[in-house]
Amino acid sequence: MRTDILREKLLAWATKQKRDLPWRGTRDPYRIWVSEVMLQQTTVAAVRGRYEKFLSRFPDLASLARSREDSVLSAWSGLGYYARARNLRRAASRILVEHGGRFPRDPAQLRRLPGFGDYTVAAVAGLAFGSRLPAADANVTRVLSRLDALEGTAGAKAHRVAVRSRAGLLLSKGPSGRLTAALMDLGQLVCFPRSPRCGLCPLAEECLALRRGAPEDYPRRPNKPRRAGLFLAAACARRDGRALLERRSGALLGGLWEFPSAEGKTRAEARRGLAAKARALGIHIENRAPASARHTIVNRNIFAEVFRASPTSRFETRNSKSSAARWFTPRQLARAPIPTLTRKVARAAGFLH
């Protein structure tokens with residue numbers, strides 16, 4: 001009986017809310033998939049400004065599958081967590097080859113695609129195909145944890161099982177896609193992590209955590225590691241209105257472009273690392289006061305110094321056969337696949353505005 005009341009109140013609230021988001025109101029699995037992947041670890045406000053732009057470059061699954069990785073990374077530039085973009089392209093290629101370009105409706109087949117974890121499978125299957133698999137993102141987890149005063153720490157296995165069980169019960173009847181979207185909206189608009197707007201919540205009378213007078217205690221938050229301070233020294237070498245960048249290697253930011261740079265636990269260590277890199281590239285660090293920039297990523301606070309530089313006579317000899325270094329105009333750099341830190345360094349150097 002209580003679950004029926006929750007469904008009724010939630011759907012009534014969602015009907016009045018009519019939240020205007022560019023990915024709402026569609027059953028197109030491709031558009032739903034892109035939005036759900038973008039929203040992972042990224043705010044709605046940030047995704048709202050990028051979603052349509054991404055779709056204008058890759059309007060359908062085939063165009064994404066046939067694209068170059070550089071093009072996808074460029075369109076994703078600034079959203080972070082670039083493995084998401086690579087997995088989008090890889091999964092699109094798999095769907096094109098293995099499923100004739102049609103999104104598989106079977107959750108088991110979706111789960112075999114790159115980047116499709118439990119949540120993404122449930123969200124796409126539910127919102128596009130009406131599956132009743134429970135899709136519990138952070139917002140849904142918070143709402144359901146408070147409704148039933150679920151004990152445990154968010155992210156822990158036992159807590160995830162309890163949340164999915166509660167979501168499955170709620171989605172066992174009624175329009176599963178609308179119910180899932182309504183839970184997401186409730187978490188984003190009303191049931192905030194801190195200072196929730198309980199007076200505006202359509203489910204307040206049914207909320208066990210609110211009855212206990214402590215909605216913010218649910219779910220218990222995992223301890224976050226303390227952010228470590230890290231120093232970065234970067235060189236902005238210019239020639240004929242262009243700046244020199246290197247292609248990043250490695251799993252995290254591989255394929256993206258960045259200014260020649262070095263990291264260190266101290267400012268001096270970072271500067272020494274940059275000096276060694278400059279010698280290897282054949283560029284000269286100018287004796288001027290550096291510009292500065294700051295960037296926070298995951299659990300690191302990065303303090304960057306940006307030095308002006310110029311190529312020496314040794315530059316062409318050392319880099320003529322390398323595809324890892326390239327000169328960019330400001331316009332080219334603005335459209336290139338670069339992480340947010342590279343953009344900040346370029347602005348600190350006065351190369352981008």
Q) Tell me, what does the Kirkwood hydrodynamic radius of region 283-336 come to in angstroms if you use every pair of distinct C-alpha atoms? A) 14.0 Å
Q | Per-selection Kirkwood Rh - region 253-316 (Cα, Å, 1 d.p.) | A | 13.0 Å
Q. Can you give the % of DSSP beta bridges in the chain that are antiparallel, to the nearest 5?
A. 65 percent
Q: With r as the distance between the Cβ atoms of Ala228 and Asp28 and R0 = 45 Å, compute the FRET efficiency 1/(1 + (r/R0)^6) and round to 0.05.
A: 0.60
Q | Euclidean distance between Cα centres, region 292-311 to region 1-69, Å | A | 34 Å
Q. To the nearest 0.05, what FRET efficiency results for Glu69 and Glu8 with a Förster distance of 35 Å applied to their C-beta separation?
A. 0.15
Q: For region 22-28, just list the computed ³J(HN,Hα) in residue order, Karplus coefficients 6.51, -1.76 and 1.60, θ = phi - 60°, integers in Hz, with x standing in for Gly and Pro.
A: x, 9, 8, x, 10, 10, 5
Q: Enter the Cα centre distance for the pair region 119-181 and region 188-226, rounded to the nearest angstrom.
A: 16 Å
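Magnitude of the Cβ-charge dipole of the chain, K/R +1 and D/E -1, about the Cα centre, nearest 20 debye?
I would put it at about 760 debye.
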**Q.** Partners for Lys277 among aspartates and glutamates (Cα-Cα distance below 12 Å; same-chain residues under 8 apart left out)
**A.** Glu246, Glu263
Q: Give a residue-ordered list of calculated ³J(HN,Hα) values for region 291-297 (Karplus: 6.51 cos²θ - 1.76 cosθ + 1.60, θ = phi - 60°; whole Hz; x for Gly, Pro).
A: 7, 9, 8, 10, 8, 10, 9
Q) In the calculated pair distance distribution of region 151-191, what percentage of Cα-Cα distances lie above 16 Å? A) 47 percent
Q. If one takes the longest principal axis of the Cα atoms in the chain, at what angle in degrees, from 0 to 90 and to the nearest 10, does the Cα axis of helix 157-170 lie?
A. 50 degrees
Q: State the extension gain, in nm to one decimal, for the chain segment bounded by Leu208 and Thr42, taking 0.36 nm per residue of separation less the distance between their alpha-carbons.
A: 56.8 nm
Q: Cross-chain or 8 or more residues apart, Cα under 29 Å: how many lysine pairs in region 2-217 fit that? Count them up, please.
A: 7
(Q) Using the Cα atoms of region 158-227, I'd like the radius of gyration and the largest Cα-Cα distance, Dmax, both in angstrom. (A) 13.7, 44
**Q.** Rough spin-label spacing in nm, given labels placed 7 Å along Cα→Cβ, for Arg335 and Glu151
**A.** 5.9 nm
Q.
So the label point goes 7 Å from the Cα of Phe303 along Cα→C-beta, right? Which residues of region 217-239 then have their backbone N under 15 Å from it?
A. 227-234
Q: Go ahead and estimate [θ] at 222 nm for the chain from helices alone: -39,500 (n - 2.57) per DSSP H run with n ≥ 4, summed, over the residue count, rounded to 500.
A: -13000 deg cm²/dmol
Q) Put a dot 7 Å past each Cα toward the Cβ at Asp240 and Ala324; how far apart are the dots in nm? A) 2.4 nm
Q: Throw me the Rg/Rh for the chain, computed over C-alpha atoms with Kirkwood Rh, two decimals.
A: 1.05
Q | Förster-model FRET efficiency, 56 Å R0, Arg220 and Thr317, C-beta, rounded to 0.05 | A | 0.40
Q: Starting from the amide H of Ala136, placed 1.01 Å from N in the peptide plane, find each other amide H under 5 Å away whose residue is 5 or more places distant or on another chain.
A: none
Q) In debye, nearest 20: dipole of region 1-140 around its Cα centre with unit charges on the Cβ of K, R (+) and D, E (-)? A) 120 debye
Q.
Please list, in order along region 259-273, the HN-Hα scalar couplings obtained from phi with the Karplus expression 6.51 cos²θ - 1.76 cosθ + 1.60 (θ = phi - 60°), rounded to whole Hz, x for Gly and Pro.
A. 5, x, 7, 8, 9, x, 6, 10, 4, 5, 5, 5, 5, 5, x
Q. Can you give the three extents of the C-alpha atoms in region 94-235 along their principal axes, from longest to shortest, in whole Å?
A. 58, 54, 27
Q. Residue farthest toward the positive end of the dipole of the chain, with Cβ of Lys/Arg at +1 and Asp/Glu at -1: which of Leu150, Tyr51, Thr266?
A. Thr266
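Laboratory data are not the source of any read-out in this text; all were calculated from the coordinates shown. No experiment lies behind these values; they were computed from the predicted model shown. Positions of Cβ are backbone-derived with ideal geometry, glycine not excepted, and every protein chain shown enters the neighbour counts.
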